[in-house]
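The values are calculated or read from the model by the stated rules, or taken from the named source; none is laboratory data. Please read all numbers here as calculations on a predicted model, not as lab measurements. Cβ placement follows ideal geometry from the backbone for every residue including glycine, while neighbour counts extend to all protein chains displayed. All accessible areas refer to the heavy atoms of the entire protein, side chains included, with ligands and DNA or RNA removed. Shrake-Rupley method; radii C 1.70, N 1.55, O 1.52, S 1.80 Å.
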Amino acid sequence: MRRRRFIDLAAMGGVAMAAAPSSWAVQPYPSRPVRVVVPLAAGGNMDAMTRLITERLAAVLGQPVIVDNRPGATGMIGANAVAKAEPDGHTVLFAISSVVQSIRLQKNPPYALRELASVTQLADLPVAFGIAEALGARDLAGFVNMVKQRPGKLSYGSYGIGSSGHIIGEMLKRTAGMNIVHVPYKGEAPAISDLLGGQVSAVFGSAGAVAQHPGKIRMVAVSGARRLSRYPDAPTFDEAGFPLGGLTGWAGAFAPASTPVPIIERLRVEIDRIVRLPDIAARILDFGFEPMGETATPFATFVQDQYDRWGAAIKDANIEPE
């Protein structure tokens, strides 16, 4: 099993064994603090999950693990910093699905997917769709009917142009044949705040954030293949009758391409173990995420599949690359 895993890793587009210096065979890892870049602002659920994991990671690696928040450009600033970093395992990226979406949304992106080596999936980050309870719609189909009766009068907020919420929102518009206005925000918090204040009719956000306002916001659907264990009453978009073609949010760990395979493997093993610790897994569930770690499908394969799916969705939704 371990030998097969190493073969899989060597075959990854982002990992080149030939590029690893021979000194890695004797040089200990890590030999200095490890920097984990998060391409999002501090304070959100992804940032909180990162800090949970890195605290435990520092203990097992025997070196400090420093979280470096690099928000901006839909995650491209942080992702590019890691893609261009020294491939020695001391710079790691904890990113969400925007790491592949952003490439598809730019005509000339600053980095290519091949410049990042896939380490492991941290968690599923299903995108939740919440509507104002005051509207009176009981489910997603009811909300869609309401929008059709009032074309162009209702709106939905997302956490930014080109975000998962925006792309899924445009897919929903196309699938449902409805006319609803998109209002982009700089993060989910202001979008939810405006939903509570009546400035928008619905919002896309993390399940944990949407669920914080029972009686004011109704979670009518979540992305992904299955319902969330913390919120079993919220159906998937597919169950609600509006399939998304396998699109969902997720978080994963990456390293610069050409990072030596033994280092990638050590990071994978340790991170997988940490996200499955009972106390860590429970906290991740509280965020509205689903802890993952290694699955039957290699993470590199999953990332390439998501790259293709999000690219197709962006095209179908008529979102033009900038």
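If only residues of the range 216-270 that are part of a loop (DSSP other than H, G, I, E, B) and among the polar types (S, T, N, Q) are counted, the one that is most open to solvent (accessible area, probe 1.4 Å) is 229. Among the residues making up the range 93-122, those that are surrounded by fewer than 24 Cβ atoms within 10 Å (Cβ to Cβ), among the aliphatic types (A, V, I, L, M) and modelled with pLDDT of 95 or more are 112, 113. Taking into account only those residues within the range 221-269 that are in contact with a Gly (Cβ under 7 Å, 6 or more places away or on another chain) and of a type in the set (Val, Ile, Thr), which is nearest to residue 176 (Cα to Cα)? Ranking the candidates gives 236 first.
The set of residues in the range 136-178 that are farther than 30 Å from residue 39 by Cα, without any contact (Cβ under 8 Å) to a residue 60 or more places away in the chain, open to solvent by 10 Å² or more (accessible area, probe 1.4 Å) and not in a helix (DSSP H, G or I) comprises 136, 150, 151, 152, 153, 177, 178. Among residues of the range 247-272 that are touching a residue at least 24 places away in the same chain (Cβ under 8 Å), those with a beta-carbon under 8 Å from a residue that is among the basic types (Lys, Arg) and assigned to a loop (DSSP other than H, G, I, E, B) at least six positions away or on a different chain give the pairs 256/84. Note on the range 179-192: residues that are part of a helix (DSSP H, G or I) and either closer than 21 Å to residue 310 by Cβ or touching a Ser or Thr at 6+ places or on another chain (Cβ under 9 Å) (or both) total 2.
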